[in-house]
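**Q** A single structure is presented below for examination.
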Amino acid sequence: MPPTTFCVFDSAIGRCAIAWNAKGIVRLQLPEASDALTCARLLRQLPDATQGDAPTSMHSAIERIAALLGGEHDDLADLALDLEGVPPFHRRVYEFVRSIGPGHTITYGEVAARLGEPGAARAVGQALGENPFAPVVPCHRVLAAGGRSGGFSAAGGVTTKLRMLENERARIGSVPGLFDEPHSQDASRTRAALPNGSTGADDEKAFGPIDESMMRLALEQARCAQQAGEVPVGAVVVRDGEVLGVGFNRPIDAHDPSAHAEIAAIRAASARLGNYRLVGCDLYVTLEPCAMCAGAIQHARIARVVYGARDPKTGACGSVVNLFAEPRLNHHTRVQGGVMSEACGALLSSFFAERRRR
């Protein structure tokens, strides 16, 4: 296999990374919360890649990719990709999706039908979920049925997907979708009726696709904790769809009882903004916050907390106590629980089961 080199470059949606070799582009990484995280995610798939300067040919490709992300219409169809190791079905999907020009969209089912595999919409989605070449292979232009956004595996999830489509001024026929108000008046009234401190765990209408995408990113952080031998809890702080800080549980490694995932993410977001107040921010965490973290969340003036699994032993969002519903406090963060609760709970259960076996 020829040697692989990568670099980081600026774009309208943030700093991306690109890896290449003599055959062409090997991988593109859309922006994470920082250059370090972007490079780390790329290197997770390409551990032998080395950072370096782009040659003239690749510099031209980078300029065109950045221009596309900024709204210019360029299908990038002539850029060479190294498809070694890509399964045959995935290759067929990628080849077809590259024919979808900027500003246009198609559904997973339509892609499957065009490939002569009308029952393979789910397989198409899986192939695009593993796409290492976005946006050269423009998986963001493939939607779920009815103009719904569908998933997106890059950082920021559906928010990033919608932003990329908005930059291209994509249209979806007459179906209300990407650039229309996403919730009905009834749904707005439902959200407004939820009291401060409500977990909202039983109200599925309270959650949107962005919530699930951000929780997936929090789960990635939780897995980092698991790999380090810590209790697998991860957290993400977000404002207006932008990830400001991430963190995972590390009190053992840090010799610090306060080194919970929420505290790490809050510290990172505060440093990013240069402000200890995180007004207008949401915090996503895989496990219901404890009393310590609840206090930090309130002091930071975080607008909303979304958690995955309940904590029946130390949960401070209603499982043991509900500090967010205390009327004497001068700030009331809205709390919603239950997003991807099964996945969050399963990660914790497997961790403790493995620990008991030792």
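FYI, it's all coordinate maths here, none of it is from the lab. In this text the structure is predicted, and so the values were computed from the model without any measurement. Quick reminder, even Gly has a Cβ in these numbers, built from the backbone with ideal geometry, and neighbours come from all protein chains shown.
**Q** Rounded to whole Å and sorted largest first, list the principal axis extents of the Cα atoms in region 1-55.
**A** Result for region 1-55: principal-axis Cα extents of 31, 21, 14 Å.
**Q** Excluding Val279 itself, what net charge comes from residues whose Cβ is under 15 Å from its Cβ, given Lys and Arg +1 and Asp and Glu -1?
**A** Neighbourhood net charge equals +3.
**Q** Sticking with this one: Find the Rg to Rh ratio for region 296-358, where Rh is the Kirkwood radius over alpha-carbon pairs and Rg uses the same atoms.
**A** Taking Rh as the inverse mean 1/r over Cα pairs, Rg/Rh reads 1.08.
**Q** So what is log10(I(q)/I(0)) for region 236-358 at q = 0.15, 0.18, 0.20, 0.21 1/Å, when the Debye sum runs over its Cα atoms only?
**A** Computed log10 I(q)/I(0) values: -0.67, -0.96, -1.16, -1.26.
**Q** Between Ala325 and Ala346, what FRET efficiency follows from the Cβ-Cβ distance if R0 is 25 Å, with the result rounded to 0.05?
**A** It comes out at approximately 0.30.
**Q** 7 Å from Cα along Cα→Cβ at both Gln51 and Leu273: what's the point-to-point distance in nm?
**A** 2.8
**Q** Another question, then. Over all pairs of distinct alpha carbons, what does the Kirkwood formula give as the hydrodynamic radius of region 15-104, in Å?
**A** After inverting the pairwise mean of 1/r, the radius is 14.3 Å.
**Q** Something else: Ile106: net charge of surrounding residues, Cβ under 11 Å, Lys/Arg +1, Asp/Glu -1, itself excluded?
**A** Within the 11 Å Cβ shell, the charges total +1.
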